[in-house]
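The values are calculated or read from the model by the stated rules, or taken from the named source; none is laboratory data. These numbers were taken from a predicted model, which means no experiment stands behind them. Cβ placement follows ideal geometry from the backbone for every residue including glycine, while neighbour counts extend to all protein chains displayed. Accessible surface areas use protein heavy atoms only, side chains included; no ligands, DNA or RNA. Shrake-Rupley method; radii C 1.70, N 1.55, O 1.52, S 1.80 Å.
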Amino acid sequence: MARAHERPVYAYRRVADQDTGRPVYHPVVIVGAGPVGLTAALDCAVHGLPHVLLDAEDTVCEGSKAICFAKRSLEIFDRLGCGERLVSKGVVWNLGRVFFGGRQIYAFNLAPEAGHQRPAFINLQQYYLEECLIERLGELGGTDLRWRNTVTGVEPCADGVGLTVDTPDGAYRMRCDYLIVADGARSPIRHLLGLPCRGQVFQDRFLIADVVMQADFPTERWFWFKPPFHTGQSTLLHRQADNVWRIDFQLDRDADPDEEKRPERVIARIKAMLGEQVRFDLDWVSVYTFQCRRMERFQHAGRIFFVGDAAHQVSPFGARGANGGIQDVDNLIWKLALVMAGKAPAALLESYDAERIPAADENILNSTRSTEFITPKSEASRAFRDATLMLAEHYPFARRLVNSGRLSVPAMLRGSPLNTPDTETFDSPLGPGAPCADAPIQTATGEDWLLRQLGNLFTGVYFAAAHGRVSARSVEIIRTLAGGTIPVTVRVVGERLSGKGPDGCGIVDVAGLVRRRYGGSPGTFYLIRPDQHVCARWRQLELEPVRHALLRALGQTQRHSEQIA
Amino acid sequence: MKPSRLNVEPQLAHPDDFYQALLELHQGLTDEESRLANAKLILLLANHIGDQAVLDEALRIAREGLGEGSASAVERSGSAVPSVIWAAPLRRVTKERT
Ligand SMILES: Cc1cc2nc3c(=O)[nH]c(=O)nc-3n(C[C@H](O)[C@H](O)[C@H](O)COP(=O)(O)OP(=O)(O)OC[C@H]3O[C@@H](n4cnc5c(N)ncnc54)[C@H](O)[C@@H]3O)c2cc1C
């Protein structure tokens, strides 16, 4: 097979910890350098948390694996400083076509509304994502990344976690305050700790191939139910970077995976699909099965946090695996940073479960429903599926029932204990818990995007009156917020820059979209978390409510709050 | 019992005509085609009704007297979705994309 991509090899290096003969202490250890563990390391680096990242292997994933990365993930990578690189390498697609038998039954367009920096999705092979994150870690510095370091033992204790790590030079021991477990779906650490992961295991098998084509196929997602060229129930064709195409064939239940993986067989299948005349090279083939399940809790013994596939798994329909895991990390690291700095109580860490378990359930629910539609399990289920597809060709109502994957959307964190509920009505869906919406803006340094002004710290967005001036009283509140124990940096949004506001934080709402998306009548104030989710919002700026909301977002009880405020 | 929102009072002006039309729908169809025709009919009518509470009620009644443990098991789960996932609440996802 011709390889479209050579996997880099990252050298194993012996480290001083291996020679001390006693467990060496590190504040944070992350296990697993897949997309989720790498994102965790990047976020630790951005927050200045000293950390070690261990991986059993010495390279990136084999084959494309995850290929669709959602807008929210790209925004998180923007916050971590590598969104642009991913988008420029990736392929932007908006159009999807759905076929039933030999006929196209409809097409859909995912093009998001205008005025967002990032597209709804990009397609990019997971190995490129991993390489890009590793490169970014190198630029930021501060990550102690150890390849061919396999965790073989974990001992939680009252004041930390002990680890045994195996290397080509033998085993050594470490201990840490916090352990982030990103060791993937099979999670050896989950097994070492005897923690169950419950849910549904599916019997369906999918043959997945990366194919390099010179042909000018359009950049679209094509999904066939009951394709005419293949006896299985579904096939997916989707473009990736470098003219590589992903083809997924659902196999018959009784298919022999090893037989199906033989290149001659795969090539014959692809020819039946694309036509004899299309020239392509087969790059990678694999057969996969999947589960939809999760751990009961993602925080264990107070100091161990499961993230990504280690904590929860979904079927690939909907691209919710890596995209979900990246949001886990986005949710966890700022909390860890505040708790480790002594600025928030350890209780804040419990909100990781409170926020990410409902998010995982939403992903599991959606991907399970897609799986049921794509691979019906009973005669009745199949009849409804086929009836839906037959109606969908002519009747738009039925298109909304067709489910070839409900694509990943960000978690809304509606019921989070960190939210301060609205007490006024807003003409905007960005209520407490929602991730902030983007909009084009201008600052003193030029054209920019709103989301690039938010995140990593607590921020505020204050809507000035039309003339751009901010009252002396509000300026005073904004200064007080900026100078607190937990500083809140406030951005002032107006129609034009005003010399009268607080220095250097003015935002011009060039298209009026900030105001529209946030329901930003003059005086409106949004308090925003380090992960760009909304904590609370008010129609006018007063110091006390903001302080209370801030303390609540830090996981403080009322009594705690009074001591700190 | 909760007040029913599904209208189960006689509604059809000519019940025999309707019944005949229903059977004629299936004339000359194989069993599999009949299943598809029934499924299409249900989907069309469900969309016409468009009220989830009414549909839930109809789903519940449709299941009465059928299957193991009959209606009570379905009532507890709140719906007749076949693949109930562990601990995942069966709530409706409103903002879906196709
Ligand atoms: C066919 C397919 C298509 C997919 N498509 C998409 C998609 O389009 N979009 C999407 O978002 N998701 C998709 N996914 C899911 C996505 O690939 C996973 O969710 C993602 O890889 C999870 O990342 P992770 O970092 O949690 O785990 P992994 O990627 O599994 O990484 C785990 C890492 O831990 C290391 N490790 C394991 N054990 C140890 C140990 N004991 N000590 C040290 N290191 C260890 C491994 O070497 C590995 O590097 C797809 C999956 C498949 C199979």
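Each residue in region A:376-408 was checked for being open to solvent by less than 40 Å² (accessible area, probe 1.4 Å) and either closer than 14 Å to A:Val314 by Cβ or facing chain B (nearest Cβ under 9 Å) (or both), and 15 of them qualify.
Pick from region A:215-236 the residues that are touching a Leu at 6+ places or on another chain (Cβ under 6 Å) and buried (at least 19 other Cβ atoms within 10 Å of the Cβ): which of them is nearest to A:Ile374 (Cα to Cα)? Talk me through it step by step, then tell me what you get.
To start, the set of residues in region A:215-236 that are touching a Leu at 6+ places or on another chain (Cβ under 6 Å) comprises A:220, A:222-223, A:225, A:232.
From what's left, buried (at least 19 other Cβ atoms within 10 Å of the Cβ): A:222-223, A:225, A:232.
On the way: A:Trp222: 14, A:Phe223: 10, A:Phe225: 7, A:Gly232: 11 Å.
Filtering region A:215-236 for residues that are touching a Leu at 6+ places or on another chain (Cβ under 6 Å) and buried (at least 19 other Cβ atoms within 10 Å of the Cβ), the one nearest to A:Ile374 (Cα to Cα) comes out as A:Phe225.
Looking only at region A:192-209, residues that are under 25 Å from the mean Cα position of the chain (by Cα) and surrounded by fewer than 16 Cβ atoms within 10 Å (Cβ to Cβ) come to 3 in all.
Considering (1) within 10 Å of the ligand (Cβ to nearest atom); (2) in contact with a helix residue (DSSP H, G or I) (Cβ under 8 Å, 6 or more places away or on another chain); (3) outside any loop (DSSP other than H, G, I, E, B); (4) open to solvent by 10 Å² or more (accessible area, probe 1.4 Å), the lone condition that A:Val212 does not fulfil carries the number (1).
Residue-by-condition table, conditions (1) more than 14 Å from every other protein chain (Cβ to nearest Cβ); (2) open to solvent by 20 Å² or more (accessible area, probe 1.4 Å); (3) away from the ligand (no atom under 16 Å from the Cβ); (4) over 29 Å from A:Ala439 (Cα atoms):
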position: A:Val87; (1), (2), (3), (4): yes, yes, no, no
position: A:Glu113; (1), (2), (3), (4): no, yes, yes, no
position: A:Ala120; (1), (2), (3), (4): no, no, no, no
position: A:Gln125; (1), (2), (3), (4): yes, no, no, no
position: A:Glu130; (1), (2), (3), (4): yes, no, no, no
position: A:Gly142; (1), (2), (3), (4): yes, yes, yes, yes
position: A:Arg146; (1), (2), (3), (4): yes, no, no, yes
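Restricting to region A:44-67, give me the number of residues that are under 11 Å from A:Leu129 (Cβ atoms) and not hydroxyl-bearing (Ser, Thr, Tyr). Please lay out each step first, then the result.
Narrowing region A:44-67 to residues under 11 Å from A:Leu129 (Cβ atoms): A:60-61, A:64-67.
Adding the requirement that they be not hydroxyl-bearing (Ser, Thr, Tyr) leaves A:60-61, A:65-67.
Of the residues in region A:44-67, 5 are under 11 Å from A:Leu129 (Cβ atoms) and not hydroxyl-bearing (Ser, Thr, Tyr).
Can you confirm whether region A:455-467 contains a residue that is of a type in the set (Ser, Thr, Tyr), closer than 30 Å to A:Phe69 by Cα, within 14 Å of chain B (Cβ to nearest Cβ) and in contact with a strand residue (DSSP E or B) (Cβ under 8 Å, 6 or more places away or on another chain)? For region A:455-467, residues of a type in the set (Ser, Thr, Tyr), closer than 30 Å to A:Phe69 by Cα, within 14 Å of chain B (Cβ to nearest Cβ) and in contact with a strand residue (DSSP E or B) (Cβ under 8 Å, 6 or more places away or on another chain): absent. The residue pairs whose first member lies in region B:35-62 and is on the phi < 0 side of the Ramachandran plot and open to solvent by less than 40 Å² (accessible area, probe 1.4 Å), whose second member is part of a helix (DSSP H, G or I) and aromatic (Phe, Trp, Tyr), and whose beta carbons are closer than 6 Å, counting only pairs six or more residues apart or on different chains, are B:Ala39/A:Phe384. When A:Glu372 is tested against (1) open to solvent by less than 10 Å² (accessible area, probe 1.4 Å); (2) modelled with pLDDT under 95, just one condition goes unmet, and that condition is (1).
Count, please, the residues in region A:312-342 that happen to be more than 7 Å from the ligand (Cβ to nearest atom), open to solvent by 20 Å² or more (accessible area, probe 1.4 Å) and not in a helix (DSSP H, G or I). Within region A:312-342, residues that are more than 7 Å from the ligand (Cβ to nearest atom), open to solvent by 20 Å² or more (accessible area, probe 1.4 Å) and not in a helix (DSSP H, G or I) number 3. For region A:421-440, the condition holds for at least one residue, the condition being that it is among the hydroxyl-bearing types (Ser, Thr, Tyr), more than 14 Å from every other protein chain (Cβ to nearest Cβ), farther than 30 Å from A:Glu84 by Cα and open to solvent by 10 Å² or more (accessible area, probe 1.4 Å).
For A:Ile189, the conditions (1) in the same structural domain as A:Pro23 (by TED's automatic domain parsing); (2) open to solvent by 30 Å² or more (accessible area, probe 1.4 Å) are fulfilled apart from (2). Taking region A:300-311 as the search range and keeping residues that are crowded, with 24+ Cβ neighbours inside 10 Å and either polar (S, T, N, Q) or more than 9 Å from the ligand (Cβ to nearest atom) (or both), which one is farthest from A:Ile189 (Cα to Cα)? Among those that are crowded, with 24+ Cβ neighbours inside 10 Å and either polar (S, T, N, Q) or more than 9 Å from the ligand (Cβ to nearest atom) (or both), it is A:Phe305.
Across region A:271-299, the qualifying residues are those that are open to solvent by less than 20 Å² (accessible area, probe 1.4 Å) and within 14 Å of chain B (Cβ to nearest Cβ), and the one among them that is nearest to the ligand (Cβ to nearest atom) is A:Phe290.
Check A:Ala472, A:Ala466 and return the single one that is exposed (fewer than 15 other Cβ atoms within 10 Å of the Cβ) and touching an Asp or Glu at 6+ places or on another chain (Cβ under 7 Å).
On the way: A:Ala472 fails: touching an Asp or Glu at 6+ places or on another chain (Cβ under 7 Å).
Every option except A:Ala466 fails the conditions.
Residues in region B:17-50 that are part of a loop (DSSP other than H, G, I, E, B) and away from chain A (no Cβ under 14 Å) were compared, and the one that is nearest to the chain's Cα centre (by Cα) is B:Gln27.
Restricting attention to region A:404-446, and to residues there that are charged (D, E, K, R) and at pLDDT below 95, which single residue is nearest to A:Leu74 (Cα to Cα)?
Initially, region A:404-446 is screened for residues charged (D, E, K, R), giving A:406, A:414, A:422, A:424, A:427, A:438.
Going one step further and asking which of them are at pLDDT below 95, we end up with A:406, A:414, A:427.
Working: A:Arg406: 18, A:Arg414: 22, A:Asp427: 27 Å.
Per the criteria, the residue is A:Arg406.
Please go through region A:77-109 and pick out each residue that is touching a Ser or Thr at 6+ places or on another chain (Cβ under 9 Å) and hydrophobic (A, V, I, L, M, F, W, C). Once the filter is applied, which keeps residues that are touching a Ser or Thr at 6+ places or on another chain (Cβ under 9 Å) and hydrophobic (A, V, I, L, M, F, W, C), region A:77-109 yields A:Phe77, A:Leu80, A:Leu86, A:Val91, A:Val92, A:Trp93, A:Leu95, A:Val98, A:Phe99, A:Phe108. When A:Thr39 is tested against (1) in contact with a Ser or Thr (Cβ under 9 Å, 6 or more places away or on another chain); (2) more than 12 Å from the ligand (Cβ to nearest atom), only condition (2) is not met.
On the given criteria, is A:Asp55 at pLDDT 95 or above, acidic (Asp, Glu) and touching a strand residue (DSSP E or B) at 6+ places or on another chain (Cβ under 7 Å)?
On the way: at pLDDT 95 or above: yes; acidic (Asp, Glu): yes; touching a strand residue (DSSP E or B) at 6+ places or on another chain (Cβ under 7 Å): yes.
For A:Asp55, the condition - at pLDDT 95 or above, acidic (Asp, Glu) and touching a strand residue (DSSP E or B) at 6+ places or on another chain (Cβ under 7 Å) - is met.
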